[in-house]
Amino acid sequence: MNPSGPFGEELRVGVAVTVPEPYAADLRAVRSRVGDPAADLIQPHITLLGPTVVPSTALPEVEEHLREVADRHAPFTVHLRGTATFRPVSPVVFVQVVEGIASCELLEVDIRSGVLDSELRFHYHPHVTVAHEVPDAALDQAFTEMADFEARFDVPEIHVYEHGDDGVWRTMGAFPLAGSRA
């Protein structure tokens with residue numbers, strides 16, 4: 001799969017845990033305040049599969065794969081707290097996942113198999129981005145503003161998104177987590 005497309009009859013998809021309201025509004029607001037152009041394009045989320053190009057004809061197979069993955073995983077709780085950064089490797093500030101890490105990691109590995117098999121550029125680290133590729137002062141502002149942020153929510157489903165040519169990530173579907181809790 002080519003992560004730089006799509007071309008012709010291809011789609012760029014991603015899979016994520018979507019952060020619910022009212023927390024999503026707070027995360028979007030700080031991203032907007034620091035001048036991140038993606039603030040209104042990307043729903044606050046924890047990535048499970050980053051942008052991946054698939055043939056349009058493979059969409060039914062992708063959906064079936066995600067349905068099967070979701071059937072194997074139980075709903076779980078996410079607790080977000082405080083900020084961290086990927087600097088100097090990448091100009092990103094994020095809110096940390098402090099509970100639900102293992103569930104995200106297991107989902108990520110399972111999703112990134114079969115029709116969605118792909119290599120990672122970096123080791124998987126569940127997080128919620130609040131500033132990306134903005135000036136250092138804006139990264140510092142996001143880091144400081146969200147340092148005391150805290151949210152806890154249940155994750156009953158995962159979402160697949162399509163990345164449009166206009167830069168907007170649009171929800172294509174939801175897949176309920178149907179596995180049993182350990």
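The amide H of residue 45, built 1.01 Å from its N in the peptide plane, has 19, 129 as neighbours under 5 Å, considering only residues 5 or more places off or on other chains. Within the chain, the longest segment free of exposed loop sites, counting trypsin sites (Lys or Arg not before Pro) that fall outside DSSP classes H, G, I, E and B and have at most 11 other Cβ atoms within 10 Å, spans 1-120. Taken over the stretch 66-116, the percentage of Cα pairs per 10 Å bin, counting from 0 up to the bin with the maximum distance, is 22, 37, 32, 9. Largest GNM mean-square fluctuation among 123, 45, 73, using the chain with Cα springs under 10 Å: 123. Answer rounded, prolate or oblate for the stretch 10-176, using the Cα gyration tensor with square roots of eigenvalues a ≥ b ≥ c: rounded when a/c is under 1.5, else prolate when a/b is larger than b/c, else oblate. Here the stretch 10-176 falls in the prolate category. Estimated from helical segments only, the mean residue ellipticity of the chain at 222 nm is -8000 deg cm²/dmol, where each DSSP H run of four or more residues counts as -39500 (n - 2.57). For residue 172, the amide hydrogen comes within under 5 Å of the amide hydrogens of 160, 161, 162, counting only partners 5 or more places away or on other chains and with H modelled in the peptide plane. Computed from phi, the 3J(HN,Hα) profile of the stretch 120-132 under the Karplus parametrisation 6.51, -1.76, 1.60 (θ = phi - 60°) reads 9, 6, 10, 4, 5, 9, x, 6, 10, 5, 10, 7, 9 Hz, with x in place of Gly and Pro. Considering only 143, 70, 53, the residue lying farthest towards the positive end of the dipole of the chain is 143, judged by Cα position with unit charges set on Cβ. With angles folded into 0 to 90 degrees, how steeply does helix 23-33 sit against the dominant principal axis of the chain? Use alpha carbons for both and round to 10. In the chain, helix 23-33 runs at an angle near 60 degrees to the longest axis. The HN-Hα couplings worked out from phi for the stretch 105-114 by the Karplus form 6.51 cos²θ - 1.76 cosθ + 1.60 (θ = phi - 60°) are 5, 5, 4, 4, 5, 5, 5, 7, 9, x Hz, whole numbers, x standing for Gly and Pro.
Phi angles of the stretch 39-45 translate, via the Karplus equation with coefficients 6.51, -1.76, 1.60 and θ = phi - 60°, into HN-Hα couplings of 3, 9, 9, 10, 5, x, 7 Hz per residue; Gly and Pro are given as x.
With 0.36 nm allotted per residue and the present C-alpha distance subtracted, the residue 123-residue 79 stretch has 13.8 nm of extension available. Among 22, 51, 126, the largest mean-square fluctuation in a Gaussian network model of the chain, built with springs joining Cα atoms closer than 10 Å, belongs to 22.
Relative contact order, whole percent, for the chain stands at 32, derived from Cα pairs under 8 Å and 6 or more residues apart. Build a GNM of the chain with springs between Cα atoms under 10 Å apart, and of 137, 84, 102 the one that fluctuates most is 137.
Once backbone amide H atoms are built at 1.01 Å from N, residue 98 has 79, 80, 81 as its partners under 5 Å, excluding neighbours fewer than 5 places away on the same chain.
Computed from the coordinates by the stated procedures, all read-outs in this text should not be read as laboratory data. The shown structure was predicted, so the numbers you read here are calculated from the model rather than taken from an experiment. Don't worry about glycine lacking a Cβ; one is built from the backbone with ideal geometry, like all the others, and counts go over all protein chains shown.
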